[in-house]
Amino acid sequence: MNAVEVLEVTKRYKKGAVAVDGASFTVEQGAAFGLLGPIGAGKTSIINMLLSFIKPTAGTIKIFDREVATQFHEVQNRIGYLPERPGFYGNFSAEKNLRIFASLSGVREERDERIAKLFTIAGLEGKEKDLVRAYSLGDRKRLGIAAAMLNEPELLILDEPSTGLDPQGRRDIMALIHELNVHDVTLFLATHNVRDIAEICDVLATIQSGRVAAPTTTKGFIATVRGTTVQLEADVANMNERVLQAIKSVKGVKSIECERLKISLDYRPGINEDVNYIITRAGGRLRSMRESPSLEEAYVRMMGEERVE
Ligand SMILES: Nc1ncnc2c1ncn2[C@@H]1O[C@H](COP(=O)(O)OP(=O)(O)OP(=O)(O)O)[C@@H](O)[C@H]1O
Ligand SMILES: [Mg+2]
């Protein structure tokens with residue numbers, strides 16, 4: 001079943017240009033779907049239409065087979081939402097905030113047990129009584145996710161969950177979101193950060209100036225973006241012709257220098273592991289891995305080239 005179905009959707013704001021331009025795509029139930037696009041591409045506009053905050057100028061949106069335009073109330077309880085800047089009552093404790101949100105969204109049964117469990121899931125144990133104004137941005141996002149999970153949603157919509165976080169905070173929040181997907185929550189994640197998507201989404205669609213491209217697997221997308229070289233350096237104790245031949249026979253290996261083993265590879269997902277396996281089996285150790293350009297650089301470059309056309 002499809003969790004989300006977007007059909008020929010256009011959004012034109014009253015005074016503005018077209019923010020979403022004939023978008024069509026679907027998200028399967030259970031998927032981790034990423035909507036990837038630069039600032040102003042139309043990501044939040046799409047999310048706001050999924051959540052029935054704003055109406056499409058044209059087109060149809062369905063969530064769990066119900067039309068958002070007419071039947072949103074039937075699916076509302078099955079959706080959780082993390083806004084880009086989650087809003088809380090700063091002068092109340094985190095726990096009190098969740099209690100307020102719980103009563104607003106009609107969660108009554110075993111409310112306090114559920115809230116306690118969500119603090120654990122979100123990694124906020126021990127911070128229940130802290131005032132939200134003392135929370136870091138990373139912890140606020142965690143609390144935002146806990147709030148979004150109050151009604152045990154099947155679909156979680158996240159708008160830029162990692163923006164503004166430091167690298168560790170970003171990794172933690174992405175791990176938390178990934179964990180929810182492992183436990184069967186469908187993810188709809190909008191971001192400009194290709195790394196977020198590479199880490200947790202299995203399918204992605206790019207959006208550029210309101211136009212959404214056909215969804216593709218993340219693996220396939222990364223391979224297209226990259227198309228570049230990876231350099232590996234390794235120490236191999238018993239280097240011999242057999243080990244060299246084994247590495248050479250891995251599809252995508254371009255060249256090998258033998259002094260300290262330097263290997264150039266054409267990037268494809270999994271190739272590093274394939275080569276590393278051979279090196280490790282020969283008693284060797286992977287010393288360094290340099291990817292050039294990085295995934296971010298390659299993506300930004302690709303978007304730049306597309307814009308020039
Ligand atoms: N309420 C509004 N009225 C008029 N124009 C708007 C409104 N909201 C958004 N826009 C415009 O629509 C376009 C898409 O904006 P949107 O916020 O959907 O993009 P986004 O991909 O979420 O960007 P960001 O990465 O900055 O969050 C932008 O050009 C924006 O200026
Ligand atoms: Mg946005």
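Observations, loosely collected:
- Estimated FRET transfer efficiency when R0 is 51 angstrom, pair Thr224-Ser103 (beta carbons, to 0.05): 0.60
- At full extension, Glu179 and Glu233 could sit 16.1 nm farther apart than now, given 0.36 nm per residue minus the alpha carbon distance.
- Helix 137-148 axis, angle to the chain major axis (alpha carbon atoms, nearest 10°): 60
- Extension gain (nm, one decimal) between Val300 and Gln29, 0.36 nm per residue minus Cα-Cα: 94.6 nm
- The Cα trace of the stretch 87-209 gives Rg and Dmax of 14.6, 45 Å, the first to one decimal, the second as a whole number.
- Nearest-0.05 FRET efficiency for Lys55 and Glu128, computed from C-beta distance (R0 41 Å): 0.60
- Every helix of 4 or more DSSP H residues in the chain counts as -39500 (n - 2.57), and over all residues that averages to -11000 deg cm²/dmol at 222 nm.
- Farthest toward the positive end of the dipole of the chain, out of Pro161, Ser209, Leu35, is the Cα of Ser209, where the dipole comes from beta carbon charges about the Cα centre.
- Residue-span extension gain [Lys14 to Ile121] - 0.36 nm each, minus C-alpha spacing: 34.4 nm
- In the structure shown, the pairs Lys219/Lys248; Lys14/Lys62; Lys55/Lys141; Lys96/Lys141 are assessed against 21 Å; a Cα-Cα span above that value is assigned to Lys219/Lys248; Lys14/Lys62; Lys55/Lys141.
- Rg ratio (alpha-carbon, reference 2.2 N^0.38 Å) - the chain: 1.17
- The chain: relative contact order as a whole-number percent, Cα under 8 Å and 6+ apart: 20
- Charge dipole (debye, nearest 20) of the chain; +1 at Cβ of Lys and Arg, -1 at Cβ of Asp and Glu: 560
Read the figures in this text as sums done on the coordinates, not as results from a lab. The model shown is predicted, which means the values in this text are computed figures rather than measured ones. Here Cβ is always computed from backbone atoms with ideal geometry, including for glycine, and neighbour counts include all displayed protein chains.
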